[in-house]
1. So which of 82, 105, 116 ends up being under 17 Å from residue 250 (Cα atoms), in a loop (DSSP other than H, G, I, E, B) and at pLDDT 75 or above?
2. Give the residue, chosen from 185, 204, that is more than 30 Å from residue 70 (Cβ to Cβ), without any contact (Cβ under 8 Å) to a residue 12 or more places away in the chain and part of a loop (DSSP other than H, G, I, E, B).
3. Restricting attention to the range 219-235, which residues are assigned to a loop (DSSP other than H, G, I, E, B) and closer than 24 Å to residue 154 by Cβ?
4. If you check 63, 54, which single one turns out to be at pLDDT 85 or above and at positive phi?
5. Tally time: how many residues in the range 236-259 are outside any strand (DSSP E or B) and under 28 Å from residue 46 (Cα atoms)?
6. Go through the range 135-159 and give me each residue that's in contact (Cβ under 8 Å) with a residue 24 or more places away in the chain, farther than 16 Å from residue 112 by Cβ and not in a strand (DSSP E or B).
7. Do we have residue 224 as free of Cβ contacts under 8 Å to residues at least 24 places away in the same chain and either within 21 Å of residue 165 (Cα to Cα) or touching a strand residue (DSSP E or B) at 6+ places or on another chain (Cβ under 9 Å) (or both) here?
8. Can you go through 55, 89 and tell me which one is part of a strand (DSSP E or B) and either touching a helix residue (DSSP H, G or I) at 6+ places or on another chain (Cβ under 7 Å) or within 26 Å of residue 12 (Cβ to Cβ) (or both)?
């Protein structure tokens, strides 16, 4: 854990989405995905090569951004950061977002930390292809390190969040993982906001909360020496444009004074 020397000892990234960047009508998206800025975060994803994917403001007293995908399977749009947070150096790390979906039938969502597609390579990030694939009862890891919430309409439990992690001293066990690693009782309901919160300690222990309730704790969930980035992304499973409305996104971490 970084030693607090004074001044701005905590990193705090927060976006309330009152002033958003609409990428859905950008014409020059025909060759490679672009990355754009929204507040202190980047917007990236495989789907940004298409003009129907991006972000736009939703009229709301709170300020809400609608994250949209293109209509191509496994393509999505995400908000996040480069791979700049390491548990041992920046812990405790806190991620929190308030969000909802228009439907839960044909999409995936990941919210957490991962070393997938580091730096500028995050431009074409895909949850399925680059972080963790998910089908029926099975998770198939892709990235070497990740920790967070995963929702997938292709899982057997189609209306719940799952908690996933990889890279630390504790491994997820096989079998009926969709039943072992889901949050029954906190089902997703279309059009209803939920607050997701993830905490990661300097020793790699992770905790998952929904609406302020602690639902899971895993010691050694991630490697403490691997730099990871924040990803809050939604992805199409089929051939329809998918949506995710986000009220706010918060990231907090300790500053590493040794660099």
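The values are calculated or read from the model by the stated rules, or taken from the named source; none is laboratory data. Quantities reported herein were computed from a predicted structural model and do not represent experimental measurements. Cβ: placed from backbone, ideal geometry, glycine included. Neighbour counts: every protein chain shown.
1. Values: 105 fails: under 17 Å from residue 250 (Cα atoms); 116 fails: under 17 Å from residue 250 (Cα atoms).
Checking each option against the conditions leaves just 82.
2. Values: 204 fails: without any contact (Cβ under 8 Å) to a residue 12 or more places away in the chain.
So the residue among 185, 204 that is more than 30 Å from residue 70 (Cβ to Cβ), without any contact (Cβ under 8 Å) to a residue 12 or more places away in the chain and part of a loop (DSSP other than H, G, I, E, B) is 185.
3. Taking the range 219-235 first, the residues assigned to a loop (DSSP other than H, G, I, E, B) are 219-227.
Listed by number, the list holds a single entry, 221.
4. On the way: 54 fails: at pLDDT 85 or above.
Exactly one residue qualifies, and that residue is 63.
5. Going through the range 236-259, the residues outside any strand (DSSP E or B) turn out to be 237-242, 255-259.
When the remaining residues are screened for being under 28 Å from residue 46 (Cα atoms), the result is 237-242.
So the count comes out to 6.
6. 137, 153, 154, 157, 158, 159
7. Details: free of Cβ contacts under 8 Å to residues at least 24 places away in the same chain: no; either within 21 Å of residue 165 (Cα to Cα) or touching a strand residue (DSSP E or B) at 6+ places or on another chain (Cβ under 9 Å) (or both): yes.
So residue 224 fails the test.
8. Details: 89 fails: part of a strand (DSSP E or B).
Being part of a strand (DSSP E or B) and either touching a helix residue (DSSP H, G or I) at 6+ places or on another chain (Cβ under 7 Å) or within 26 Å of residue 12 (Cβ to Cβ) (or both) holds for just one of 55, 89, which is 55.
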